[in-house]
Each structure stands twice: as structure tokens, then as C-alpha cells.
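Visitor: Take this structure, written in C-alpha cells, and hold onto it; I'll ask about it next.
The values are calculated or read from the model by the stated rules, or taken from the named source; none is laboratory data. This is a predicted model, so every value here is computed, not measured. When the accessible area is computed, the model is the full protein with side chains, heavy atoms only, and any ligands, DNA or RNA have been set aside. Shrake-Rupley method; radii C 1.70, N 1.55, O 1.52, S 1.80 Å.
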Amino acid sequence: MSAREHPPANSPAPTPTGIKSAEPAPATDGNSAPKVVAEGVLSSVRLNPCFDDGRRPVAWLHITAPGRGVTPSARSWCSCGRDLFAAGQTRALALIDDHVRHRTACPQLVSQEGKAA
């Protein structure tokens, strides 16, 4: 057995002296046309699943109407600081109407709608 020299473990491997460009592999059908993609690989560009379009929730309306014998309720939130709660059918319906009016008058919502357009 002959002793071979090995580079130290923490050193990078020696780099090749010449730079070669990659060449496409010839097609298997014999006409030596370059193969663009592997078989079965999608070639279309797909949308980024993490894409963020910049929209954020600003106003929320949560309505609970469970059924007979249970009191309905509603809660209205807005990023301007509004946080209202109403229990009972009459008060919940009034809060829903008030929430709709608030969405047209809130300064944060009005400026957000202008940016989206």
C-alpha cells in the first residue's frame, strides 16, 4: 500500500484549472437535438404560493346566530380602535347596520380603498 496525501479536512477541495461551460445532452432519438427538460417535468412557470398582494383585514364583523332559544350576538372590530359588542336580535341587527355605516366613514378604510383602486 502506498501512502497518498489528502488535503486537511477543513480545507476546500482544490479547484479545477480550466472553466468549461455545460453542454446540453443529445436527445435519445438520434438527431442530436438538445433536450430542454427531463420527461415528466412541468415547464410552465407556477405562481409563488407565498405571494403577498399587500391586502390586510381592517374591519371585521362576527355574527353568532345559533338557533332557537339562544340569544344572537354580533361583534364589530376595526383597526381604528373600534370594538363593539351587541347581544339580542334587535341590538345585533342595529350593530350590523352601524358596522356598514362605519366602513364608509372610517378614515383608515377610506384611504385603504383608494389605494386598492
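Visitor: Any residue that is modelled with pLDDT of 90 or more and either in a helix (DSSP H, G or I) or of a type in the set (S, T, Y) (or both) - is there at least one of those in region 59-69?
Guide: Yes, some residue in region 59-69 is modelled with pLDDT of 90 or more and either in a helix (DSSP H, G or I) or of a type in the set (S, T, Y) (or both).
Visitor: Look through region 82-117, keep the residues that are open to solvent by less than 80 Å² (accessible area, probe 1.4 Å) and among the β-branched types (V, I, T), and return whichever of them is modelled with the lowest pLDDT.
Guide: Across region 82-117, the extreme among qualifying residues is V110.
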